[in-house]
Structure formats: structure tokens, C-alpha cells
1. Can you compute the equivalent ellipsoid semi-axes for segment 47-107, i.e. the square root of 5 times each eigenvalue of the Cα gyration tensor, sorted largest first and rounded to whole Å?
2. What FRET efficiency do you get for Thr51 and Val76 if R0 is 22 Å and r is their Cβ-Cβ distance, rounded to the nearest 0.05?
3. What are the ³J(HN,Hα) values, in whole Hz, obtained from phi via the Karplus relation 6.51 cos²θ - 1.76 cosθ + 1.60 with θ = phi - 60°, for each residue of segment 3-15 in sequence order, with x given for Gly and Pro?
4. Could I have the simple spin-label model distance between Leu91 and Phe7, label points 7 Å from Cα toward Cβ, reported in nm to one decimal?
5. Roughly how many nanometres apart are two label points built 7 Å out from the Cα toward the Cβ at Ser42 and Val28?
6. Counting pairwise Cα distances across the chain, what percent come out greater than 19 angstrom?
7. Compute the longest continuous run of the chain that contains no exposed trypsin sites (Lys or Arg not before Pro); treat a site as exposed when its DSSP state is not H, G, I, E or B and it has at most 15 other Cβ atoms within 10 Å.
8. For the chain, which span is the longest to avoid every loop-located (per DSSP) member of chymotrypsin sites (Phe, Trp or Tyr not before Pro) having at most 15 other Cβ atoms inside 10 Å?
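Every number here is computed from the coordinates shown, using simple stated rules; none is lab data. Everything quoted here is computed from the prediction, not taken from an experiment. Cβ placement follows ideal geometry from the backbone for every residue including glycine, while neighbour counts extend to all protein chains displayed.
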Amino acid sequence: EVAPLAFMRGRSLNESFVILDEAQNTSVAQMKMFLTRIGFGSRAVVTGDITQIDLAAGQLSGLNNAIEVLRNVSGVAFTSFTPKDVVRHELVQRIVEAYETSENAGD
């Protein structure tokens with residue numbers, strides 16, 4: 001089943017493998033709503049790229065918020081990728097590295 005977040009409210013997803021893709025563009029409320037749908041015997045995977053947030057200026061990303069809030073919650077795990085994990089054209093890997101270098105220089 002494929003369902004938009006708008007249709008998740010009120011559901012419990014039991015015995016399911018649930019994927020939330022492009023989660024960097026969820027609001028905090030949408031992320032919380034999604035994560036609280038996880039039912040018995042279910043697994044949830046949330047994917048997103050916090051460098052590609054398309055939310056309106058000033059709106060907090062639900063993914064960024066979840067990373068902060070859930071960092072130390074037992075049963076929740078996070079995996080982060082580096083430019084070496086880019087599986088597109090090798091030029092894309094170099095582009096990603098260049099942007100990261102530029103962003104880190106500004107810190």
C-alpha cells in the first residue's frame with residue numbers, strides 16, 4: 001500500500017514495514033504523527049537528506065527535529081551517509097564534497 005501522510009491520521013500500522021521518504025520536508029507535527037502510527041510487529045524506515053530541505057523559511061524540518069528528540073531513545077537508530085556513499089556519477093560525488101567543504105568553511 002502507498003499512502004500519503006494525510007491519510008495516516010487515526011491509523012495503527014501493525015505487522016507492517018513502513019517507509020517515509022523525503023522526510024526532510026515533513027513538519028514536526030507530520031513526523032510525530034507518522035512515528036506514532038507504528039504498531040505491533042512493525043518496522044519504520046525514515047529517509048531524507050537534511051541538506052535538501054524545501055520547507056518555507058523558518059519552518060522546522062520534522063527530520064531534523066526527530067534526530068534531536070529521538071537521538072537517545074532506545075529502539076531508535078540513525079544511519080548517516082557520506083559523499084563516499086554517493087552511487088551516482090563520480091562527478092556528483094565530487095560536487096557533494098565541494099559543497100560540504102564550502103559549507104564547513106563557513107562554520
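1. Taking √(5λ) for each eigenvalue gives 24, 17, 11 Å, largest first.
2. 0.55
3. Whole-Hz 3J(HN,Hα) from phi for segment 3-15: 9, x, 3, 4, 9, 8, 4, x, 9, 10, 9, 8, 6.
4. Reported label-point gap for Leu91 and Phe7 is 4.0 nm.
5. In this crude label model, Ser42 to Val28 measures out at 2.3 nm.
6. Beyond 19 Å sits 54 percent of the P(r) for the chain.
7. Value returned for the longest uninterrupted segment is 12-70.
8. 1-39
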